[in-house]
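The values are calculated or read from the model by the stated rules, or taken from the named source; none is laboratory data. Given the structure is predicted, the values throughout are model-derived calculations rather than measurements. Heads up, the Cβs are rebuilt from the backbone with ideal geometry, glycines too, and the neighbour counts pull from every protein chain shown. Surface accessibility is based on the protein's heavy atoms, side chains included, excluding ligands, DNA and RNA. Shrake-Rupley method; radii C 1.70, N 1.55, O 1.52, S 1.80 Å.
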Amino acid sequence: MSQAIYYVDKDSEIFASIPEQAVAIIIDDILDKETLLTSIAKACDFPAYFGHNWDALWDCLTDVEIKYLRLDLTEIKQINTEEFNTFKSIIEDAYKDFGQPQLWVVV
């Protein structure tokens, strides 16, 4: 597969195609900029100097060797759509420039 973002239904057969080495981005109830940046920094073990902003996210994503990310939206109660779209744009830009990461979004 050769795109940056995949949407996978948790109950579909395609769910099993998520790479085993995909790093899980754990979000509790609310998906917004703060929770996304904090969760991905922890999951990907970003360096201490990570600035918790969109530019720093792009920099760190393109510096680490993480090829696959998994984000499960099935238990999320609230999503800031604008901030989630910004996150997805960063994933797409990084993938376009560096061929990674791919994001698997479980819905």
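Remarks
- Leading residue by the ranking (least open to solvent (accessible area, probe 1.4 Å)) among those in the range 45-68 that are closer than 17 Å to D32 by Cβ and touching a residue at least 24 places away in the same chain (Cβ under 8 Å): L57
- Test: residue in the range 75-88 that is polar (S, T, N, Q) and without any contact (Cβ under 8 Å) to a residue 12 or more places away in the chain: yes
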